[in-house]
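Let me begin by presenting the structure, written as structure tokens, before commenting on it.
Rule-based calculations on the coordinates, nothing more; no lab input. Quantities reported herein were computed from a predicted structural model and do not represent experimental measurements. Cβ: placed from backbone, ideal geometry, glycine included. Neighbour counts: every protein chain shown.
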There are 2 protein chains.
Amino acid sequence: MRLLALLDGTLADPDAPLVRVDDLGLLRGDGIFETILAVDGKPRELGPHLDRLARSAAMLDMPEPDRAAFERAVRVVLDNWTGGAEVALKAVLTRGIEGGDGTPTGFVMGMEISAKALAQRAEGLAAVTLERGIEPGLAERAPWLLLGAKSLSYAVNMAALREAERRGAAEVVFTTSSGSVLEGPTSTLIAARGRTLTTPPSTLGILPGTTQAALFQAAERAGWTVEVEPIAVDDLYTADGVFLASSVRKITRVHTLDGKSLPDSTALHTTLTTLYESHY
Amino acid sequence: MRLLALLDGTLADPDAPLVRVDDLGLLRGDGIFETILAVDGKPRELGPHLDRLARSAAMLDMPEPDRAAFERAVRVVLDNWTGGAEVALKAVLTRGIEGGDGTPTGFVMGMEISAKALAQRAEGLAAVTLERGIEPGLAERAPWLLLGAKSLSYAVNMAALREAERRGAAEVVFTTSSGSVLEGPTSTLIAARGRTLTTPPSTLGILPGTTQAALFQAAERAGWTVEVEPIAVDDLYTADGVFLASSVRKITRVHTLDGKSLPDSTALHTTLTTLYESHY
């Protein structure tokens, strides 16, 4: 099942053309998005997602997104949803028509969670490390590179996932050339060691994770230590667990990195998933 | 005037929605494009542009573009064009619908040349240098970064142009952090010194220029020396002329770089423009 809601609160046919060819979202990948999970009709982390959408808009010099319109479109999708208990809500906002009056193009599309994502949540996945071409300091020095903005220009993220598949893996851990961990193409990396969870800082030029933040809040309340610190690639091999977090995949276990098995984190994965779910 | 032709050779209304919201060109900037100049009904460098479109497709693991279909769509636009003598033809091909059968979405849109581009051709422009976060070797080492592919993920290129405007300039010369020249966000850089023209090599992770190649062919036939070599930013200040070349802007003179006036290249610009036009 798929449902498409426009920012005026109306439903539209997702199989019908909606966007003009001169929309800058299409011509230039010039726009922003969020993917939000809803469970049993309730969106998770909707506030942080819309905060991050506004942050991405600011990084791209776009007008501030109409928060109420996105909240309403999310509600319209969920109120009309008759599919599975979980919905992936993709919220998109483009810069609008080239040479137009600046009116953005926006919508929220509700989709089922893919079988692939469900399998990865349950079974974990193999990942490979791929260099991202970002060195520490670059994101702050060169804001026009939009590092850490969730823009529609995701061709590189998609190419990295294809490279992972070529290497027999399902996911990517982006790294700096100096061997520091960044993020996945559509996920946040979390390493666990004892009762400490660590994720790399967004100042490296990566996206602040909403699911990771929710997990960290829940973990902290349960007495865990949570850290936002650089992580060396080598440290992933000795961690008790390595996880990729995102709205759709929740907390997904990385069982293999660059062809090497990581320590078995099955029990830890259950613990963290329980912590994460306790947040709702 | 604007004309839109589809890959089946039919004309469509450019003001009507044509693209679904789940097109990967929109959702992920996952697609490729070319901008081709036509003058008096004749496309310039159509072969090299379609070669480069095929090269971009290969870099993005997309199926080879249907060359005959693009040639036909270009012809349909030009045969029906009743606007100015020059037309900018934007050829676009996306990866198609998310989760679809892989059928790409493609079209060719004909547009007038903007008044801004015409003014810049005549008067030249001010540019600023901006770091691109690409070091020598990265493009070859990390092909998943799609460096040198003309993809629809151009949000960074657009952000760089906004940064130039904030700095009181109209254009950007992307550089490496080690002070080597790359390209403009939508143009190729050419430096002139005596009767030698130089452009940086595409192995740095930049786009091979079609307009630059046409100029170099014409210049070589006229007895100039042409080089594809790295250029240091500092060398731009002592060159006889610095130019940004692209289909729409032809050979446009950079008169000011980072707020400093460059040597007057007005006469040289006339010479190079005459050389370029002699190619047709």
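With a threshold of 31 Å on the Cα-Cα distance, the over-threshold entries among A:K90/A:K260; A:K250/B:K90; A:K42/A:K150 are A:K90/A:K260; A:K250/B:K90. Treating r as the C-beta distance of A:D66 and B:T238 and R0 as 60 Å, the FRET efficiency rounds to 0.75.
Per residue, the convex hull spanned by the alpha carbons of chain B comes to 128 Å³.
Which shape class, rounded, prolate or oblate, goes with the protein assembly as shown when its Cα gyration tensor gives a ≥ b ≥ c as root eigenvalues, a/c under 1.5 marks rounded, and past that a/b bigger than b/c marks prolate? The shape class here is prolate. The calculated FRET efficiency for A:R75 paired with A:K116, based on their beta-carbon distance and R0 = 25 Å, is about 0.35.
The residues packed around B:T256, meaning those with a beta-carbon under 12 Å from its beta-carbon, carry a net charge of -1 if Lys and Arg are +1 and Asp and Glu are -1.
Arrange the following residues from fewest to most other Cβ atoms within 10 Å of their Cβ: B:F174, B:F243. It would help to have the intermediate numbers written out before the result.
Details: B:F174 25, B:F243 28.
Going from least to most buried by this count: B:F174, B:F243.
Sorting B:I97, A:I231, B:I32 from the fewest to the most surrounding beta carbons within 10 angstrom yields B:I97, A:I231, B:I32. For chain B, modelled as a GNM whose springs connect Cα atoms under 10 angstrom apart, the maximal fluctuation among B:A119, B:A139, B:A73 occurs at B:A119. Membrane-span-like helices in chain A, defined here as complete DSSP H runs extending at least 15 Å along the helix axis by their C-alpha atoms with mean Kyte-Doolittle hydropathy no lower than -1.0, are A:46-59, A:67-80, A:155-166, A:210-221, A:266-278; this is a sequence and geometry rule, not a statement about a membrane.
Rounded to two decimals, what ratio of Rg to Rh does region B:118-278 give with C-alpha atoms and a Kirkwood Rh? We get a ratio of 0.94 for region B:118-278.
Please find, in a Gaussian network model of chain B (springs between Cα atoms separated by less than 10 Å), the residue of B:R44, B:R72, B:R195 whose mean-square fluctuation is greatest. Residue with maximal mean-square fluctuation among B:R44, B:R72, B:R195: B:R195. Put in line by how crowded their Cβ is, counting other Cβ atoms within 10 Å and starting with the fewest, B:D234, B:D15 read B:D234, B:D15. Each residue of region B:94-110 was assigned a 3J(HN,Hα) from its phi angle through the Karplus expression (A = 6.51, B = -1.76, C = 1.60, θ = phi - 60°), giving 9, 6, x, 6, 4, x, x, 8, x, 5, x, 9, x, 6, 10, 10, x Hz with x at Gly and Pro. Only Cα sites of region A:2-113 enter the Debye sum here, all with the same form factor; the resulting log10 I(q)/I(0) across q = 0.12, 0.13 1/Å is -0.39, -0.45, listed in q order.
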